[in-house]
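Here's the structure, in structure tokens; my notes come after.
FYI, it's all coordinate maths here, none of it is from the lab. On a predicted model such as this, the values are computed, not experimentally measured, just so you know. Cβ placement follows ideal geometry from the backbone for every residue including glycine, while neighbour counts extend to all protein chains displayed.
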Amino acid sequence: MLVKSILVGFVTINFDVELPKTLPMKKRLAAAARRAEPVPAWIVAKTGGEIRMSRRARHWRRGSRIKP
């Protein structure tokens with residue numbers, strides 16, 4: 001992450017500048033989103049609610065890293 005700072009009077013203000021996503025990273029994120037689709041309702045009903053989420057589902061911030 002690049003950090004840009006500006007001096008305003010006696011105070012320095014820092015701005016975090018995010019780098020744009022590269023095409024390979026976008027492809028990995030898209031593939032992970034497709035894999036993490038929700039479980040069909042009939043499977044939830046058939047298993048009695050035992051299986052509710054896909055095992056590949058992940059939170060965008062808390063989840064583990066996506067394999068390269």
Fraction in percent of alpha-carbon pairs per bin - 5 Å, the stretch 21-68: 5, 20, 23, 19, 13, 11, 6, 3, 1
Contact order relative to length of the stretch 21-68, as percent, for alpha carbon pairs under 8 angstrom and 6 or more apart: 41 percent
Residue-wise HN-Hα coupling along the stretch 23-32, computed from phi with Karplus coefficients 6.51, -1.76, 1.60 (Hz; x: Gly, Pro): 4, x, 5, 4, 5, 5, 5, 5, 5, 5
Cut-off 15 Å between beta-carbons: net charge of the residues surrounding residue 41, Lys and Arg +1, Asp and Glu -1: 0
Ordering of 25-38, 47-60 by packing [mean C-beta count within 10 Å, highest first]: 25-38, 47-60
